[in-house]
Amino acid sequence: MSDRTNEKNINEQTKNENLEQFRKEPGEFITTNEGVKVTSTNDSLKAGSRGPTLLEDFHFAEKNAHFNRERIPERVVHARGVGAHGYFQAYKSQSELTKAKFLQEPSVKTPVFVRFSTVAGFRGSPDPVRDVRGFAVKFYTEDGNYDIVGNNIPVFFIQDAIKFPDLVHALKPEPHNEMPQASTAHDNFWDFISLMPESMHMIMWILSDRTIPRSYRMMQGFGIHTFRFVNEQGKARFVKFHWKPLLGVHSVLWDEMQQMGAKDPDFHRRDLSEAIAMGDYPEYELGVQIIEEEDEFKFDFDILDSTKLIPEELVPVQPIGKMVLNRNPDNYFAETEQVAFQPTNVVPGIDFSDDPLLQGRISSYPDSQRHRLGTANFENIPINKPVCPVNNDQRDGFSQYNIPTSKVNYFPNSLGGGCPMAAPENMGGFTHYMEKMQGHKIRERSESFSDHFSQATLFWNSLSVVEKEHLVKAAQFELGKVMNKEVKERVVGLFNHVEHEFASSVAIGLGIPTPTKEVIPNHGKSSPALSMENQPKDSIKTRQIAVLANDGFNSSELMGIKRVLEAEGAKIKIVSKFGGMIKSADGKEIEVDRTLLTTASVLFDAVYIPGGEKSIASLKSDGDAIAFVNEAFKHCKAIAATGEAVDLLMNPGIKGVNIADSQQKFASDQGVVTSRNPGDVEKTAKEFVNAIAQHRHWMRGQKSLIPA
Ligand code: HDD
């Protein structure tokens, strides 16, 4: 097998070919790990068929010993995740900004591996929870691995890495009973937060809909810290990284997310891997905000403070390239579990800033990987192996499976011809940016890190009315689960430094005294780019549409709507009472994808109900079908009905939808599209497409009369 690691020409397939030498097909016969064929793996070796097992049974001993060692420590945070392969391509050379090779040549597709994750839950916890999402990208570049280990939120809880263990202790389940699972709605977390005003900005993001994303394919990613770009001439600029999904940025409702967790705990990982398997490759644009060194102090916050973002209105995000995820991993453990992301991994042209949170991460991640993966040789694991040569004298240790052939393992040496030798900068050696340093050795925080509220207020001011409502409810939920009254009051006290009206609304829901007066006057500034409502909503590509139908459905209506939706890239699933095939009124058959028993409306983006007398009569008397429609309505999803199905929406069991007038005009401004006229199918389909593209019709959420 050729060793690609010695090749210079990196392209999209390089990592894939590099992995190929490690892929393993199952052979014909079972063998031991030593390759000896085994005659039976069903019975242990015994003294007589009823006798005791013999110590001599090396096959049993090996099988069992391996099994006993099959688990490794899960990640201490971000344990639950899903991975995907893909590539990154620069739009044009960024040589003006950086000498990083993967950002020079637009024709080069640099292989990447991405892992999305939740933070708090254990490895087996559900995907659909309220949590920050990890967004980690490993670029396999010709100059070594480069990792952006970011989140879907542009700021962080704390300013200094030394607080990270405290933060994580507080947010994980409480230690005495290991509850609650994958949730921060508990006393310890909010006690810590109530004493950490610097977390307020991040807390506003956490309570917003950003932490309940519709899909990993529909959320932004952020490098968070300020990094440095350095060009060939040695000129450095500060840089912030942004990932923008081309499918738009979308979230679901909290009630919906909780139900999704029960109906399909794997919702987000399934959503990602199915999309990739079907060729609907998720795409994300990489954008940068560039700050000249001389502008370092021109903001009213410190750019080294990770609890602050740089509003896009002050420094625009320039798109510099695109990432496409186009291949699912072959094996979860070998790839997704063993991948080791490290903000430590930089390549010439990219460097760190003095952000104290970033500085702490630089040593933390490699240490965490050595522990988790059990060896200092974790870069030998295929998924972590760079695609360029790796040469040094760090040879021995657990699980070294390269075979260094030189007898010389030290530097300097003459016996090995001096190799491997130090690479000068002009030969690609990494040179740390020559930042001028001065200062006293001191455990202290810069005064410029002390404003904890202005940007929290900025975030609040930037949200739409509905987003604000969701945020208030989220705060009432999280703090409503807190038992300790003083903790609740302290948090609301901090909220009152963010925004008086917000703090008061939360207090009312909690039944605690509302803060009497405003502490800091609202500065009134906003940043429209922070609101998800302002993100583009122009496509229904890959949206999951449930079609509710039983025997006797109207085939021309169903097929007409299906054709238009599929042409727009939506995915149609026929949902019926029973599995197998259903027959239309005119005798055409269609296969059922899901039954009402095995799915739920929370797993779809929209619902369509075709007419057909018999189909509608049976749906009308089916509580599961009624609940399906009610729930979709409650969760503000687009709903369409044609022919007799319009009567289904008039059914007294269907709450909310039947706010229709007598002309059957069903609140179409709220995403309910109906038509009784068979000639209208095309028109109805188009209206439905527009309604789905809106993602959700949030204003409906104000009607709480739906019992589902
Ligand atoms: Fe971290 C994992 C993101 C601060 C220590 N972190 C981890 C992962 C992501 C982040 C996405 C999972 C990577 C994967 O999929 O394998 N972490 C962040 C962001 C931070 C941040 C965006 C702030 C801006 N982290 C942070 C600090 C420390 C750590 C301050 C410690 C000082 N993070 C870790 C870790 C983890 C980790 C303990 C757990 C498992 C691992 O690294 O591989 O080392």
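For the reader, a short list of remarks on this structure follows.
- So residue 396, is it without any contact (Cβ under 8 Å) to a residue 24 or more places away in the chain and either under 30 Å from residue 237 (Cβ atoms) or within 13 Å of the ligand (Cβ to nearest atom) (or both): no
Listed here are the residues, each with its yes/no results for (1) within 16 Å of the ligand (Cβ to nearest atom); (2) of a type outside the set (Val, Ile, Thr); (3) buried (at least 19 other Cβ atoms within 10 Å of the Cβ).
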| residue | (1), (2), (3) |
| --- | --- |
| 293 | no, yes, no |
| 305 | yes, yes, yes |
| 316 | no, yes, no |
| 323 | yes, yes, yes |
| 342 | yes, yes, yes |
| 354 | yes, yes, no |
| 372 | yes, yes, no |
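- Within the stretch 496-531, the residues that satisfy the criterion of being closer than 17 Å to residue 457 by Cα and free of Cβ contacts under 8 Å to residues at least 40 places away in the same chain are 496, 500, 501, 503, 504, 505, 506, 515, 517, 518, 519, 521.
- Of the strands (runs of 3 or more DSSP E) entirely within the stretch 573-628, those holding at least 3 residues that are closer than 24 Å to residue 673 by Cα, open to solvent by less than 70 Å² (accessible area, probe 1.4 Å) and in the same structural domain as residue 697 (by TED's automatic domain parsing) occupy 606-609.
- Scanning the stretch 55-80 for residues that are over 27 Å from the mean Cα position of the chain (by Cα), in a loop (DSSP other than H, G, I, E, B) and within 15 Å of residue 374 (Cβ to Cβ) yields a count of 1.
- Exactly one residue out of 541, 573, 525, 588 is in contact with a Ser or Thr (Cβ under 9 Å, 6 or more places away or on another chain), of a type in the set (Lys, Arg), under 24 Å from residue 216 (Cα atoms) and modelled with pLDDT of 95 or more: that is 573.
- Residue match in the stretch 416-427 (condition: under 30 Å from residue 522 (Cβ atoms) and of a type outside the set (Asp, Glu)): no
- Residue within the stretch 318-337 that is assigned to a loop (DSSP other than H, G, I, E, B), aliphatic (A, V, I, L, M), assigned by TED's automatic domain parsing to the domain that holds residue 109 and modelled with pLDDT of 95 or more present: no
The values are calculated or read from the model by the stated rules, or taken from the named source; none is laboratory data. The structure presented is a predicted model; accordingly, all values stated were derived computationally and were not measured. Positions of Cβ are generated from backbone atoms using ideal geometry, with glycine treated the same way; all protein chains shown enter the neighbour counts. Just so you know, the surface numbers come from the protein's heavy atoms only, side chains and all, with ligands and any DNA or RNA stripped out. Shrake-Rupley method; radii C 1.70, N 1.55, O 1.52, S 1.80 Å.
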